[in-house]
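Colleague: Starting off with a structure, shown below.
Every number in this text was worked out from the coordinates using simple rules, so none of it is lab data. Predicted model, so just to flag it, every value in this text is computed and none were measured. All Cβ positions, even for glycine, are placed from backbone atoms using ideal geometry, and neighbour counts span all protein chains on display.
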Amino acid sequence: MNVLFLNGPNLNLLGQREPGVYGRATLADIETEVRARAAKLGVEVEFRQSNAEGQLVDWIQQAAGRFDAIVLNAAAYTHTSVALRDAITAVGVPTIEIHLSNIHAREEFRHRSLIAPVCRGQISGFGPASYWLALEAAAAVAAP
Ligand code: DQA
């Protein structure tokens, strides 16, 4: 089983970015832990980050036939991107939406996710553990 982890804008700054909201772990720290847990589950993972919406769309499109599930922290694009939503729908790879912070407990503009209706589910608010929980969820939804 292959799971693609996609990370959107500003997540490259984790560790230094608003640590009170996002914690001190860097994206590299999170990737290391995801890889360790994935190895125990026998799951292959690919981990990518981009600040560019079009790059994320390209990666979602290219996931068809290559990955069994996508774990997507679309970051700010969660709240704005029709393009990401359309890509998820077009490709049909089961996608799990994740967030480090609880978007429903934050500013009003973060409460709306344009991608939530086309994702299998949403995990929000568990810090880096949102990534491990999503790995388990991906293994569950992508099980042959
Ligand atoms: C985020 C939440 C988004 O609202 C925000 O724009 C981010 C990170 C999270 O992981 O908590 O950049 O996706």
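Colleague: Just give me the residues in region 103-116 being small (Gly, Ala, Ser) and in a helix (DSSP H, G or I), in sequence order. Step through it out loud before you land on a result.
Modeller: The initial filter retains those residues of region 103-116 that are small (Gly, Ala, Ser), namely 105, 113, 116.
Answer for region 103-116, where residues must be small (Gly, Ala, Ser) and in a helix (DSSP H, G or I): Ala105, Ala116.
Colleague: If Ala105 satisfies all but one of (1) touching a helix residue (DSSP H, G or I) at 6+ places or on another chain (Cβ under 6 Å); (2) surrounded by fewer than 16 Cβ atoms within 10 Å (Cβ to Cβ); (3) among the aliphatic types (A, V, I, L, M); (4) over 13 Å from Leu4 (Cβ atoms), what's the number of the condition it fails?
Modeller: Here Ala105 meets the rest and fails (1).
Colleague: Within region 117-141, count every residue that is closer than 14 Å to His79 by Cβ and either within 12 Å of the ligand (Cβ to nearest atom) or touching a His at 6+ places or on another chain (Cβ under 7 Å) (or both).
Modeller: Here the count works out to 2.
Colleague: Looking for something within 26 Å of Ala38 (Cα to Cα) and small (Gly, Ala, Ser) - is there at least one such residue anywhere in region 102-115?
Modeller: No, region 102-115 has no match at all.
Colleague: Across region 1-48, what is the number of residues that are without any contact (Cβ under 8 Å) to a residue 60 or more places away in the chain, at positive phi and within 12 Å of the ligand (Cβ to nearest atom)?
Modeller: 1
Colleague: Being closer than 17 Å to Gly8 by Cβ and more than 10 Å from the ligand (Cβ to nearest atom) is the filter here; which residues of region 94-111 pass it?
Modeller: Start the filter on region 94-111 by keeping residues that are closer than 17 Å to Gly8 by Cβ, which leaves 95-101, 103, 106, 109-110.
The answer is Thr95, Ile96.
Colleague: Could you check how many residues of region 51-93 are among the polar types (S, T, N, Q) and within 13 Å of the ligand (Cβ to nearest atom)? Steps first, answer last, please.
Modeller: Pass one, region 51-93, residues among the polar types (S, T, N, Q): 51, 55, 61-62, 73, 78, 80-81, 89.
Still in the running and within 13 Å of the ligand (Cβ to nearest atom): 51, 73, 78, 80-81.
Of the residues in region 51-93, 5 are among the polar types (S, T, N, Q) and within 13 Å of the ligand (Cβ to nearest atom).
Colleague: So, one more: What residue, among those in region 108-129 that are in contact (Cβ under 8 Å) with a residue 12 or more places away in the chain and among the aliphatic types (A, V, I, L, M), is surrounded by the fewest Cβ atoms within 10 Å (Cβ to Cβ)?
Modeller: Ala116
Colleague: Do any residues in region 49-60 that are under 14 Å from Asp86 (Cα atoms) and without any contact (Cβ under 8 Å) to a residue 12 or more places away in the chain have Cβ atoms under 7 Å from those of residues that are surrounded by 18 or more Cβ atoms within 10 Å (Cβ to Cβ) and among the charged types (D, E, K, R), where the two are at least six apart or on different chains, and which pairs are they?
Modeller: Matching pairs, first to second residue: none at all.
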